[in-house]
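The values are calculated or read from the model by the stated rules, or taken from the named source; none is laboratory data. Note that the structure is predicted; figures quoted are calculated from it, not measured. Ideal geometry is used to build each Cβ from the backbone, glycine not excepted, and the neighbour counts take in all protein chains shown. Areas reflect the complete protein model, heavy atoms only, side chains present, ligands, DNA and RNA absent. Shrake-Rupley method; radii C 1.70, N 1.55, O 1.52, S 1.80 Å.
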Amino acid sequence: MEAGIKNVKEIMVSEANSAKTMGSGTLDVFATPAMIALMEGCSFESVADQLEEGAGTVGISLDVKHVAATPLGMKVRCESELIKVDGRILTFEVKAYDEKGLIGEGTHERCIIYNEKFQNKANAKLEK
């Protein structure tokens, strides 16, 4: 896998992804956790078809700023670009825009994992 892979993902701002509903605030605006989920989704989807069978990616780091509020009923678009590949660590530049301009930007790192092994390790925490 090489740097340069890009993706775009869009969603509508609704009550379901508002700060009030998601518990990250009290207002009817696009929630920061929703923006982060959009950025992660945009990033992981961009490389999913580049991975070998049984592999996936998990988020390991996120450094973003939410710089502008977006009201309910407006469309939000995320753009991701894979900017660095260091072994299993993938670094993405992420930006989010509403219909009026930039609302968030930063970097996001994901690690390539093997789904079954990763899930089994997580599930082992339940065993005592």
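Residues in the stretch 2-10 include none that are farther than 25 Å from Arg110 by Cβ and surrounded by 15 or more Cβ atoms within 10 Å (Cβ to Cβ). Taking the criterion of being assigned to a loop (DSSP other than H, G, I, E, B) and surrounded by fewer than 16 Cβ atoms within 10 Å (Cβ to Cβ), the residues of the stretch 29-54 that qualify are Glu52, Glu53, Gly54. Contact map, the stretch 63-90: residues that are touching a residue at least 60 places away in the same chain (Cβ under 8 Å) paired with residues that are open to solvent by 70 Å² or more (accessible area, probe 1.4 Å) and basic (Lys, Arg), Cβ distance under 6 Å, separation 6+ or inter-chain. Pairs shown: Glu81/Lys6. In the stretch 91-108, the count of residues that are part of a helix (DSSP H, G or I), open to solvent by 20 Å² or more (accessible area, probe 1.4 Å), touching a residue at least 24 places away in the same chain (Cβ under 8 Å) and among the polar types (S, T, N, Q) is zero.
Here Gly87 meets each of (1) at positive phi; (2) touching a Lys or Arg at 6+ places or on another chain (Cβ under 9 Å); (3) surrounded by fewer than 16 Cβ atoms within 10 Å (Cβ to Cβ) with one exception, condition (2).
Is at least one residue of the stretch 55-68 surrounded by fewer than 16 Cβ atoms within 10 Å (Cβ to Cβ) and in a loop (DSSP other than H, G, I, E, B)? Within the stretch 55-68, one or more residues are surrounded by fewer than 16 Cβ atoms within 10 Å (Cβ to Cβ) and in a loop (DSSP other than H, G, I, E, B).
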